[in-house]
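Bear in mind these aren't lab numbers, they're just calculated from the coordinates by the rules spelled out. This structure is a prediction, so every number in the text was calculated from the model and none was measured. Reconstructed Cβ throughout: ideal geometry from the backbone, glycine too, with neighbour counts over all protein chains shown.
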Amino acid sequence: MTNKKISFKEIVSHAKQYGFVFPSSEIYDGINAIYDYGQYGIYLKNNIKEYWWKSMIQINENIIGLDTSILMHPNIWKASGHISKFKEIFLYNEDTKYSYRLDFLIENYFKTNLNLNKEKKLKHNIIKYLDKKLKINEKDKILKLINKIKIIDPKQKKLTKWTKIYEYNLMFKIPLKEHEKKNFYLRPETAQGIFTNFLNVLNTSKMKIPFGIAQIGKVFRKEIIARQFLFRMREFEQMEMQFFIHPNQEEKWLEYWKKKRLKWHLSLGLGKKKYRFYEHEQLAHYAKKAYDIQFKFTFGFKELEGIHSRANFDLKNHEKYSKKRFRVFDKEKKNFYIPYIIETSVGLDRIFLAVFSSSLKKETIKDTKKERIILKINPALSPIKAAIFPLIRDKRLIFYAKEIYKNLKLYFILIYEEKDSIGKRYRRQDAIGTPICVTIDFKTLKDKCVTMRFRDKMLQKRVLIKDLKREIKKETSMNQLFKLL
Ligand code: GAP
């Protein structure tokens with residue numbers, strides 16, 4: 001078997017053609033950076049969710065889960081700093097009529113203009129200068145610098161004058177009632193629902209520091225440069241866990257969660273070389289220290305998950321704005337303190353993209369020289385666990401196959417198919433990542449055995465019908481992932 005490279009365009013098109021991801025509102029020409037999950041995509045997405053949820057909540061006795069609302073009191077976003085600081089700086093080019101995010105322009109400049117081994121210091125100085133100017137809000141000085149170091153327009157690839165610099169808050173604003181002046185916001189992170197329920201959890205559970213609260217939910221951001229399919233969307237899902245600790249344990253737990261989250265990603269089997277850590281020089285407004293787990297997408301290493309120390313930024317501010325006490329008692333020191341928080345935050349859609357894009361393979365089969373597109377996804381995440389086929393459309397085989405399907409569908413997500421040749425049916429299942437195909441043939445009528453065909457190696461074996469449930473479970477169970485954690 002030989003492998004051929006698959007382009008990003010082919011990945012996006014496969015996702016649509018095989019019912020994984022559709023562009024939203026397509027019949028009205030679509031809407032940029034918003035997507036719908038199709039009949040197979042939803043299973044893959046739910047399997048990733050289930051794996052994350054169980055590995056947080058079920059495996060760890062000191063982590064519980066919540067499901068908090070998307071709309072929250074607007075003061076939450078004042079306290080969290082999102083109203084004043086969740087902004088991106090953009091530069092506008094009058095000649096080309098394009099706007100770019102400042103960090104994107106700078107990153108692009110470093111990549112294309114600097115030899116980073118030799119000019120590390122220059123990079124450091126530019127970042128330091130920008131940081132300083134941003135802090136004191138001297139945007140005109142930033143504009144001057146961008147023009148001085150001659151940053152080109154990345155799309156037009158020509159040197160032009162940058163004419164405007166402006167800020168843009170990334171939260172979607174909505175009035176809750178008609179004619180209401182007060183604005184509500186669609187949440188841009190799930191974390192705030194966790195912080196604002198910290199006292200409720202303390203009062204209603206047996207949780208004691210250190211402990212975590214996890215949540216999965218939709219978030220919304222007015223991304224200006226939404227791009228790369230599921231990578232940067234305007235509506236997406238986050239899986240976040242906030243771990244509350246004593247302030248003097250910050251370093252220990254930050255390291256703990258970095259290791260633990262990397263292990264989780266590695267358990268998906270996409271390959272160790274695809275991951276690396278990146279420490280942020282420029283920090284989000286809430287973060288004291290921040291690391292990304294980056295993943296090697298087809299368009300390069302990019303952030304997959306963020307692991308941050310938020311220190312006591314959030315609870316301290318909620319204490320100030322809500323006038324409630326977010327403190328716990330330190331038995332040793334006999335005083336009250338505001339807990340620190342270590343956050344792990346990952347985009348569900350980004351993991352989906354990582355899993356889907358790096359599992360999609362184009363293979364040429366050695367003997368037949370035929371090409372097959374195969375989604376070599378971890379069987380525990382596969383949308384469909386097994387496909388049940390009668391070898392041909394014969395009444396007796398159909399009866400047997402349907403009986404098997406009827407019994408097993410109580411335990412697994414299955415597909416029953418009798419249309420087309422068996423070869424074509426195999427190809428269709430390969431393309432959606434079904435790890436097992438079960439064929440009922442005339443021998444089955446005598447020996448009560450069926451043929452199991454395994455997706456990756458195309459190996460076949462005969463098994464007794466009564467053992468099928470055990471065999472499918474062995475191959476597709478999520479337990480095999482948990483064992484790697
Ligand atoms: N609570 C912290 C927080 O929201 P973040 O780095 O802004 O941190 C965390 O986001 C994760 O959410 C990212 O690592 C990424 O996986 C995902 N994410 C962020 N913006 C996204 C977008 N526009 N589209 C898809 N996923 C996104």
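Observations, loosely collected:
- Only helical runs count toward this figure. For the chain, summing -39,500 (n - 2.57) over DSSP H runs of n ≥ 4 and dividing by all residues gives -10000 deg cm²/dmol at 222 nm.
- Electrostatic dipole magnitude of segment 378-482 [Cβ: Lys, Arg +1; Asp, Glu -1; Cα centre; debye, to 20]: 200
- Hits among lysines - C-alpha to C-alpha of residue 461 under 18 Å, sequence gap 8 or more where chains match: 385, 443, 446, 448, 469, 473, 474
- Only Lys, Arg, Asp and Glu carry charge here, each on its Cβ (+1 for the first two, -1 for the last two); on that basis segment 1-157 has a dipole of about 1060 debye about its Cα centre.
- For the pair segment 31-96 and segment 187-212, the centres of their Cα atoms are 17 angstrom apart.
- Rounded to the nearest 20, the size of the Cβ-charge dipole of the chain about its Cα centre is 980 debye, with Lys and Arg at +1 and Asp and Glu at -1.
- Gain upon complete extension [residue 370, residue 485; 0.36 nm per residue less C-alpha separation]: 37.6 nm
- Straight-distance candidates among the lysines for linking to residue 132, with alpha-carbon spacing under 16 Å and chain neighbours fewer than 8 residues away dropped: 85, 123, 141, 144.
- Think of segment 1-109 as a dipole: +1 on every Lys or Arg Cβ, -1 on every Asp or Glu Cβ, centred on the Cα centre; then among 60, 73, 44, 60 lies furthest on the positive end.
- Straight-line reach from residue 111: taking Cα to Cα under 13 Å and skipping same-chain neighbours fewer than 8 places apart, the aspartates and glutamates in range are 103, 119.
- Cβ-Cβ FRET estimate between residue 179 and residue 26, R0 fixed at 30 Å, reported to 0.05: 0.30
- Extension reserve of the residue 3-residue 283 stretch, reckoned as 0.36 nm per residue once the Cα distance is removed: 96.8 nm
- Exposure proxy shown here: for 437, 449, the number of other Cβ atoms within 10 Å sets the order, fewest to most, as 449, 437.
- Efficiency of FRET from Cβ geometry, residue 260 and residue 166, R₀ 51 Å, rounded to 0.05: 0.80
- Mean separation of Cα contacts under 8 Å (6+ apart) over length of the chain, as relative contact order %: 15
- From the alpha carbon centroid of segment 219-267 to that of segment 146-170 is 30 Å.
- Taking the number of Cβ atoms within 10 Å of each Cβ as an exposure proxy, the fewest-first ranking of 112, 160 is 112, 160.
- Annotation: peptides 188-196, 81-89, ranked by per-residue average of other Cβ atoms within 10 Å with the highest first, follow the order 188-196, 81-89.
- Unsatisfied cross-links (Cα-Cα over 31 Å) in the set 87/323; 16/182; 133/259; 121/288: 16/182; 133/259
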